[in-house]
Amino acid sequence: MNRNELARIAHAMVANGRGLLAADESTGTIKKRFDKIKVENTEENRRAYRELLFLTPGMADYISGVIMYDETLRQSTKSGERFADLLTRLNVVPGIKVDAGTKPMPNFPNEVITEGLDGLAGRLAEYHKLGARFAKWRAVIDIGEGFPTRTNIETNAELLARYAALCQEAEIVPIVEPEVLMDGAHSIERCEQVTDEVLATVFDRLFAHRVYLEGIVLKPNMVISGQKATNRASASDVAAATLRCLKRHVPPAVPGIAFLSGGQSEAESTLHLDLMNRSGPLPWLLSFSYGRALQQSALSAWGGATANVAAGQREFLKRARLNSLAAKGKYESGLEKQAA
Ligand code: 13P
(Lines give C-alpha, C1' and ligand atoms only; values in the text may rest on other atoms or scores of the structure.)
Protein backbone atom coordinates (compact mmCIF):
# COMPACT_ATOMS: atom_id res chain seq x y z
CA MET A 1 0.00 0.00 0.00
CA ASN A 2 1.35 3.43 -0.95
CA ARG A 3 0.31 5.55 2.01
CA ASN A 4 1.56 8.82 0.55
CA GLU A 5 -0.56 8.34 -2.54
CA LEU A 6 -3.67 7.55 -0.45
CA ALA A 7 -3.14 10.66 1.68
CA ARG A 8 -2.55 12.81 -1.41
CA ILE A 9 -5.79 11.67 -3.06
CA ALA A 10 -7.85 11.97 0.14
CA HIS A 11 -6.62 15.52 0.63
CA ALA A 12 -7.30 16.47 -2.99
CA MET A 13 -10.90 15.25 -2.58
CA VAL A 14 -11.68 17.89 0.05
CA ALA A 15 -9.16 20.71 -0.50
CA ASN A 16 -9.40 24.19 -2.03
CA GLY A 17 -13.11 24.60 -1.51
CA ARG A 18 -13.90 21.72 -3.83
CA GLY A 19 -16.19 18.82 -3.00
CA LEU A 20 -17.67 15.62 -4.37
CA LEU A 21 -20.60 15.03 -6.68
CA ALA A 22 -22.45 11.87 -5.65
CA ALA A 23 -23.76 10.67 -9.01
CA ASP A 24 -23.73 7.01 -7.99
CA GLU A 25 -27.46 6.39 -7.94
CA SER A 26 -28.11 2.73 -8.66
CA THR A 27 -30.34 1.90 -11.62
CA GLY A 28 -33.26 1.58 -9.20
CA THR A 29 -32.60 4.90 -7.44
CA ILE A 30 -32.09 6.93 -10.61
CA LYS A 31 -35.47 5.57 -11.78
CA LYS A 32 -37.09 7.39 -8.84
CA ARG A 33 -35.37 10.64 -9.89
CA PHE A 34 -36.28 10.14 -13.57
CA ASP A 35 -39.90 9.24 -12.74
CA LYS A 36 -40.33 12.70 -11.17
CA ILE A 37 -39.34 14.40 -14.44
CA LYS A 38 -41.04 11.75 -16.62
CA VAL A 39 -37.84 10.48 -18.20
CA GLU A 40 -37.64 6.82 -19.15
CA ASN A 41 -34.98 4.88 -17.24
CA THR A 42 -32.96 3.56 -20.17
CA GLU A 43 -29.20 3.04 -20.28
CA GLU A 44 -28.89 5.82 -22.88
CA ASN A 45 -30.86 8.31 -20.77
CA ARG A 46 -28.72 7.49 -17.75
CA ARG A 47 -25.60 8.00 -19.87
CA ALA A 48 -26.89 11.25 -21.38
CA TYR A 49 -27.74 12.64 -17.95
CA ARG A 50 -24.32 11.81 -16.49
CA GLU A 51 -22.71 13.32 -19.60
CA LEU A 52 -24.67 16.54 -18.97
CA LEU A 53 -23.21 16.74 -15.45
CA PHE A 54 -19.63 15.80 -16.33
CA LEU A 55 -19.41 18.07 -19.38
CA THR A 56 -20.69 21.13 -17.50
CA PRO A 57 -18.18 23.86 -18.38
CA GLY A 58 -16.33 25.06 -15.28
CA MET A 59 -17.55 22.32 -12.93
CA ALA A 60 -14.00 21.21 -12.13
CA ASP A 61 -13.44 24.55 -10.38
CA TYR A 62 -15.81 23.35 -7.66
CA ILE A 63 -15.96 19.57 -7.97
CA SER A 64 -12.93 17.52 -6.89
CA GLY A 65 -14.33 14.06 -7.57
CA VAL A 66 -17.38 12.19 -8.80
CA ILE A 67 -18.83 9.02 -7.28
CA MET A 68 -20.12 6.78 -10.06
CA TYR A 69 -22.13 3.60 -10.26
CA ASP A 70 -20.59 0.52 -11.91
CA GLU A 71 -22.50 1.12 -15.17
CA THR A 72 -21.40 4.77 -15.37
CA LEU A 73 -17.72 3.99 -14.80
CA ARG A 74 -17.90 1.83 -17.94
CA GLN A 75 -19.71 4.45 -20.06
CA SER A 76 -18.37 7.17 -22.37
CA THR A 77 -19.35 10.55 -23.75
CA LYS A 78 -21.16 10.74 -27.06
CA SER A 79 -17.83 11.55 -28.66
CA GLY A 80 -16.34 8.33 -27.30
CA GLU A 81 -14.21 9.43 -24.35
CA ARG A 82 -14.58 7.21 -21.30
CA PHE A 83 -16.12 9.14 -18.39
CA ALA A 84 -13.21 8.14 -16.14
CA ASP A 85 -10.71 9.50 -18.68
CA LEU A 86 -12.66 12.72 -19.15
CA LEU A 87 -12.80 13.36 -15.39
CA THR A 88 -9.13 12.53 -14.86
CA ARG A 89 -8.21 14.92 -17.70
CA LEU A 90 -10.23 17.65 -15.94
CA ASN A 91 -8.42 17.00 -12.63
CA VAL A 92 -11.57 15.49 -11.13
CA VAL A 93 -10.96 12.18 -9.33
CA PRO A 94 -13.16 9.29 -10.55
CA GLY A 95 -14.80 7.31 -7.74
CA ILE A 96 -16.99 4.23 -7.50
CA LYS A 97 -19.79 3.03 -5.21
CA VAL A 98 -18.81 -0.51 -4.20
CA ASP A 99 -21.45 -1.50 -1.68
CA ALA A 100 -24.30 -3.65 -2.93
CA GLY A 101 -27.02 -1.80 -1.04
CA THR A 102 -28.83 -2.67 2.18
CA LYS A 103 -30.71 -5.80 3.25
CA PRO A 104 -32.98 -6.31 6.28
CA MET A 105 -31.00 -7.50 9.31
CA PRO A 106 -32.34 -10.87 10.52
CA ASN A 107 -33.83 -10.75 14.06
CA PHE A 108 -33.70 -6.95 14.05
CA PRO A 109 -36.91 -5.59 12.57
CA ASN A 110 -36.55 -2.05 11.12
CA GLU A 111 -32.76 -2.30 10.79
CA VAL A 112 -30.60 -2.92 7.73
CA ILE A 113 -27.08 -4.09 6.99
CA THR A 114 -25.02 -3.10 3.96
CA GLU A 115 -23.86 -5.92 1.68
CA GLY A 116 -20.97 -6.10 -0.76
CA LEU A 117 -17.81 -7.54 0.86
CA ASP A 118 -17.91 -10.80 -1.13
CA GLY A 119 -15.40 -10.60 -3.97
CA LEU A 120 -14.67 -6.97 -3.14
CA ALA A 121 -10.87 -7.28 -3.43
CA GLY A 122 -11.21 -8.49 -7.02
CA ARG A 123 -13.70 -5.76 -7.92
CA LEU A 124 -11.46 -3.07 -6.43
CA ALA A 125 -8.53 -4.25 -8.53
CA GLU A 126 -10.70 -3.99 -11.65
CA TYR A 127 -12.06 -0.57 -10.67
CA HIS A 128 -8.51 0.70 -10.16
CA LYS A 129 -7.67 -0.44 -13.71
CA LEU A 130 -10.76 1.38 -14.97
CA GLY A 131 -9.47 4.60 -13.37
CA ALA A 132 -11.26 4.80 -10.00
CA ARG A 133 -9.11 6.22 -7.20
CA PHE A 134 -11.67 6.34 -4.42
CA ALA A 135 -14.69 4.29 -3.38
CA LYS A 136 -17.83 4.65 -1.32
CA TRP A 137 -19.66 2.32 1.06
CA ARG A 138 -22.81 3.56 2.78
CA ALA A 139 -24.02 2.13 6.08
CA VAL A 140 -27.56 3.12 7.02
CA ILE A 141 -28.68 3.66 10.60
CA ASP A 142 -32.34 4.46 11.13
CA ILE A 143 -33.82 6.08 14.24
CA GLY A 144 -37.12 4.95 15.73
CA GLU A 145 -38.65 3.47 18.83
CA GLY A 146 -36.19 0.86 20.12
CA PHE A 147 -33.61 1.32 17.38
CA PRO A 148 -30.83 1.60 16.38
CA THR A 149 -29.60 -1.31 18.46
CA ARG A 150 -26.02 -1.80 19.59
CA THR A 151 -25.76 -4.92 17.41
CA ASN A 152 -26.81 -3.02 14.30
CA ILE A 153 -24.34 -0.20 14.90
CA GLU A 154 -21.48 -2.60 15.65
CA THR A 155 -22.15 -4.78 12.62
CA ASN A 156 -22.37 -1.82 10.26
CA ALA A 157 -19.18 -0.30 11.71
CA GLU A 158 -17.28 -3.60 11.37
CA LEU A 159 -18.31 -3.87 7.71
CA LEU A 160 -17.26 -0.27 7.03
CA ALA A 161 -13.83 -0.94 8.56
CA ARG A 162 -13.29 -4.14 6.58
CA TYR A 163 -14.31 -2.34 3.38
CA ALA A 164 -11.92 0.55 4.19
CA ALA A 165 -9.00 -1.81 4.79
CA LEU A 166 -9.65 -3.63 1.49
CA CYS A 167 -9.81 -0.31 -0.40
CA GLN A 168 -6.50 0.92 0.97
CA GLU A 169 -4.88 -2.40 0.09
CA ALA A 170 -5.99 -1.74 -3.51
CA GLU A 171 -4.69 1.89 -3.39
CA ILE A 172 -8.18 3.26 -3.43
CA VAL A 173 -9.26 5.90 -0.89
CA PRO A 174 -12.32 4.72 1.05
CA ILE A 175 -15.15 7.14 1.69
CA VAL A 176 -16.46 5.90 5.02
CA GLU A 177 -20.15 6.73 5.10
CA PRO A 178 -22.18 5.95 8.20
CA GLU A 179 -25.50 7.67 7.50
CA VAL A 180 -27.88 8.28 10.39
CA LEU A 181 -31.13 8.90 8.51
CA MET A 182 -33.15 12.07 8.98
CA ASP A 183 -36.44 10.29 8.18
CA GLY A 184 -38.84 10.20 11.10
CA ALA A 185 -39.92 12.62 13.78
CA HIS A 186 -36.97 12.45 16.19
CA SER A 187 -35.40 15.50 17.83
CA ILE A 188 -31.94 16.89 17.07
CA GLU A 189 -30.85 15.71 20.52
CA ARG A 190 -31.72 12.13 19.62
CA CYS A 191 -29.85 12.48 16.33
CA GLU A 192 -26.81 13.74 18.22
CA GLN A 193 -26.95 10.86 20.69
CA VAL A 194 -27.14 8.27 17.90
CA THR A 195 -24.50 9.98 15.70
CA ASP A 196 -22.20 10.13 18.76
CA GLU A 197 -22.47 6.40 19.27
CA VAL A 198 -22.15 5.60 15.57
CA LEU A 199 -19.00 7.69 15.06
CA ALA A 200 -17.38 6.39 18.25
CA THR A 201 -18.00 2.82 17.09
CA VAL A 202 -16.87 3.43 13.51
CA PHE A 203 -13.53 4.95 14.60
CA ASP A 204 -13.02 2.13 17.09
CA ARG A 205 -13.41 -0.44 14.30
CA LEU A 206 -11.26 1.56 11.85
CA PHE A 207 -8.52 1.50 14.49
CA ALA A 208 -9.00 -2.22 15.12
CA HIS A 209 -8.62 -2.93 11.38
CA ARG A 210 -5.50 -0.73 11.18
CA VAL A 211 -7.05 1.62 8.65
CA TYR A 212 -4.75 4.50 7.72
CA LEU A 213 -6.78 7.52 8.81
CA GLU A 214 -4.82 10.00 6.71
CA GLY A 215 -6.06 8.09 3.68
CA ILE A 216 -9.82 8.14 4.20
CA VAL A 217 -12.61 10.68 3.76
CA LEU A 218 -15.47 10.56 6.28
CA LYS A 219 -18.95 11.11 4.85
CA PRO A 220 -21.34 11.62 7.76
CA ASN A 221 -24.85 12.96 8.19
CA MET A 222 -25.27 16.34 9.80
CA VAL A 223 -26.80 16.34 13.28
CA ILE A 224 -30.31 17.51 12.48
CA SER A 225 -33.97 17.10 13.49
CA GLY A 226 -35.98 14.38 11.76
CA GLN A 227 -37.88 15.53 8.66
CA LYS A 228 -41.22 14.99 10.39
CA ALA A 229 -40.27 16.58 13.74
CA THR A 230 -42.68 19.33 14.77
CA ASN A 231 -40.07 21.74 16.10
CA ARG A 232 -37.07 21.49 13.84
CA ALA A 233 -33.80 22.90 15.19
CA SER A 234 -32.39 26.06 13.61
CA ALA A 235 -29.50 26.17 11.16
CA SER A 236 -27.12 27.46 13.85
CA ASP A 237 -28.16 24.59 16.15
CA VAL A 238 -27.47 22.08 13.37
CA ALA A 239 -24.02 23.55 12.76
CA ALA A 240 -23.14 23.63 16.47
CA ALA A 241 -24.40 20.11 17.23
CA THR A 242 -22.70 18.63 14.16
CA LEU A 243 -19.34 20.19 15.00
CA ARG A 244 -19.63 19.16 18.66
CA CYS A 245 -20.24 15.58 17.61
CA LEU A 246 -17.45 15.48 15.02
CA LYS A 247 -14.91 17.04 17.39
CA ARG A 248 -15.60 14.31 19.94
CA HIS A 249 -14.93 11.45 17.56
CA VAL A 250 -12.99 12.33 14.40
CA PRO A 251 -9.22 12.45 14.89
CA PRO A 252 -7.41 15.37 13.22
CA ALA A 253 -5.43 12.78 11.22
CA VAL A 254 -8.51 12.47 8.98
CA PRO A 255 -7.91 15.03 6.21
CA GLY A 256 -11.49 15.84 5.48
CA ILE A 257 -15.15 15.36 6.08
CA ALA A 258 -17.56 15.52 3.13
CA PHE A 259 -21.18 15.61 4.23
CA LEU A 260 -24.09 13.84 2.58
CA SER A 261 -27.24 15.93 2.11
CA GLY A 262 -29.62 13.17 3.19
CA GLY A 263 -32.89 14.82 2.18
CA GLN A 264 -32.14 18.42 3.17
CA SER A 265 -33.10 21.02 0.58
CA GLU A 266 -30.42 22.41 -1.67
CA ALA A 267 -30.25 25.75 0.16
CA GLU A 268 -30.37 24.18 3.65
CA SER A 269 -27.47 21.85 3.00
CA THR A 270 -25.38 24.73 1.65
CA LEU A 271 -26.21 27.03 4.57
CA HIS A 272 -25.36 24.37 7.17
CA LEU A 273 -21.98 23.66 5.59
CA ASP A 274 -21.22 27.37 5.42
CA LEU A 275 -22.08 27.99 9.08
CA MET A 276 -19.76 25.19 10.17
CA ASN A 277 -16.88 26.52 8.10
CA ARG A 278 -17.41 29.99 9.55
CA SER A 279 -16.88 28.67 13.07
CA GLY A 280 -13.31 27.52 12.45
CA PRO A 281 -10.47 26.95 12.83
CA LEU A 282 -11.31 23.27 12.49
CA PRO A 283 -8.97 20.27 12.62
CA TRP A 284 -10.15 18.90 9.25
CA LEU A 285 -11.40 20.32 5.96
CA LEU A 286 -15.19 20.36 5.79
CA SER A 287 -16.73 19.91 2.38
CA PHE A 288 -19.65 18.27 0.60
CA SER A 289 -20.46 15.00 -1.13
CA TYR A 290 -24.00 15.77 -2.13
CA GLY A 291 -26.29 13.78 -4.37
CA ARG A 292 -29.76 15.29 -4.30
CA ALA A 293 -28.59 18.71 -3.06
CA LEU A 294 -26.38 19.13 -6.15
CA GLN A 295 -28.75 17.64 -8.67
CA GLN A 296 -32.38 18.49 -7.88
CA SER A 297 -32.60 21.77 -9.81
CA ALA A 298 -30.44 20.43 -12.63
CA LEU A 299 -32.71 17.42 -13.12
CA SER A 300 -35.84 19.58 -13.24
CA ALA A 301 -34.30 22.11 -15.65
CA TRP A 302 -33.14 19.31 -17.97
CA GLY A 303 -36.33 17.23 -17.91
CA GLY A 304 -34.82 14.79 -20.39
CA ALA A 305 -34.78 17.25 -23.31
CA THR A 306 -31.64 17.76 -25.40
CA ALA A 307 -32.68 21.39 -25.84
CA ASN A 308 -32.43 21.85 -22.05
CA VAL A 309 -28.94 20.45 -21.51
CA ALA A 310 -27.41 23.91 -21.10
CA ALA A 311 -30.15 24.94 -18.64
CA GLY A 312 -29.50 21.80 -16.58
CA GLN A 313 -25.78 22.50 -16.61
CA ARG A 314 -26.32 26.08 -15.42
CA GLU A 315 -28.34 24.82 -12.42
CA PHE A 316 -25.73 22.20 -11.57
CA LEU A 317 -22.91 24.75 -11.82
CA LYS A 318 -24.80 27.15 -9.56
CA ARG A 319 -25.16 24.53 -6.80
CA ALA A 320 -21.54 23.44 -7.21
CA ARG A 321 -20.37 27.06 -6.98
CA LEU A 322 -22.50 27.91 -3.93
CA ASN A 323 -21.40 24.75 -2.12
CA SER A 324 -17.80 25.56 -2.94
CA LEU A 325 -18.30 28.97 -1.32
CA ALA A 326 -19.82 27.20 1.70
CA ALA A 327 -16.80 24.90 1.89
CA LYS A 328 -14.77 28.09 2.39
CA GLY A 329 -17.30 29.76 4.73
CA LYS A 330 -18.03 32.44 2.13
CA TYR A 331 -21.62 31.68 1.12
CA GLU A 332 -24.45 34.22 1.54
CA SER A 333 -28.07 33.08 1.29
CA GLY A 334 -28.79 36.13 -0.90
CA LEU A 335 -26.83 34.35 -3.63
CA GLU A 336 -29.70 31.87 -3.97
CA LYS A 337 -31.74 34.53 -5.76
CA GLN A 338 -29.17 35.05 -8.50
CA ALA A 339 -29.99 33.48 -11.84
CA ALA A 340 -28.26 30.20 -12.49
P1 13P B 1 -27.51 12.66 -0.77
O2 13P B 1 -26.65 13.88 -0.72
O3 13P B 1 -28.66 12.79 -1.76
O4 13P B 1 -27.92 12.18 0.58
O5 13P B 1 -26.64 11.51 -1.42
C6 13P B 1 -25.34 11.36 -1.03
C7 13P B 1 -24.97 9.95 -1.09
O8 13P B 1 -24.06 9.57 -1.78
C9 13P B 1 -25.71 9.00 -0.26
O10 13P B 1 -25.01 7.81 -0.18
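Odds and ends about this structure:
- Exclusive hit being touching a Lys or Arg at 6+ places or on another chain (Cβ under 9 Å), within 15 Å of the ligand (Cβ to nearest atom) and touching a residue at least 40 places away in the same chain (Cβ under 8 Å), set Thr102, Thr114, Thr88: Thr114
- Residues satisfying the stated conditions in the range 322-340, i.e. under 18 Å from Phe288 (Cβ atoms) and part of a helix (DSSP H, G or I): Leu322, Asn323, Ser324, Leu325, Ala326, Ala327, Ser333, Leu335, Glu336
- Annotation for the range 302-312: no member residue is in contact with a Gly (Cβ under 8 Å, 6 or more places away or on another chain), under 17 Å from Gly65 (Cβ atoms) and surrounded by 23 or more Cβ atoms within 10 Å (Cβ to Cβ).
- Residues (within 13 Å of the ligand (Cβ to nearest atom) and not aliphatic (A, V, I, L, M)) located in the range 117-139: Phe134, Lys136, Trp137, Arg138
- The helices (runs of 4 or more DSSP H) found wholly in the range 213-307 and carrying at least 3 residues that are modelled with pLDDT of 95 or more and within 16 Å of the ligand (Cβ to nearest atom) occupy 266-278, 292-302.
- When Lys32 is tested against (1) surrounded by fewer than 14 Cβ atoms within 10 Å (Cβ to Cβ); (2) more than 15 Å from the ligand (Cβ to nearest atom), exactly one condition is not met: (2).
- Selection count, the range 199-212, where residues are part of a helix (DSSP H, G or I), out of contact with any Asp or Glu (no Cβ under 7 Å at 6 or more places or on another chain) and either at pLDDT below 95 or not small (Gly, Ala, Ser) (or both): 6
- Subset of the range 60-69 [outside any loop (DSSP other than H, G, I, E, B), within 29 Å of Arg123 (Cα to Cα) and either touching a residue at least 60 places away in the same chain (Cβ under 8 Å) or among the hydroxyl-bearing types (Ser, Thr, Tyr) (or both)]: Ile63, Ser64, Gly65, Ile67, Met68
- Failed condition for Ile113, given (1) part of a loop (DSSP other than H, G, I, E, B); (2) within 30 Å of Gln193 (Cα to Cα): (1)
- Every listed requirement among (1) out of contact with any strand residue (DSSP E or B) (no Cβ under 8 Å at 6 or more places or on another chain); (2) under 27 Å from Glu44 (Cβ atoms); (3) polar (S, T, N, Q) is met by Ser265 save one, (2).
- Across the range 233-241, a minimum of one residue is classified as of a type outside the set (A, V, I, L, M), under 20 Å from Thr270 (Cβ atoms), without any contact (Cβ under 8 Å) to a residue 12 or more places away in the chain and surrounded by fewer than 19 Cβ atoms within 10 Å (Cβ to Cβ).
- Taking the criterion of being of a type in the set (Gly, Ala, Ser), under 15 Å from the mean Cα position of the chain (by Cα) and farther than 16 Å from Leu53 by Cα, the only residue of the range 13-42 that qualifies is Ser26.
- The range 269-301, residues that are of a type in the set (Lys, Arg) and buried (at least 23 other Cβ atoms within 10 Å of the Cβ): none
- Set Asp196, Asp183: member being in a loop (DSSP other than H, G, I, E, B), under 26 Å from Pro109 (Cβ atoms) and not small (Gly, Ala, Ser): Asp183
- Within the range 117-128, not a single residue is under 18 Å from Gly262 (Cα atoms) and not basic (Lys, Arg).
The values are calculated or read from the model by the stated rules, or taken from the named source; none is laboratory data. Just so we're clear, the structure is a prediction, and the values are computed from it rather than from any experiment. We place every Cβ from the backbone using ideal geometry, glycine too, and count neighbours over all the protein chains shown.
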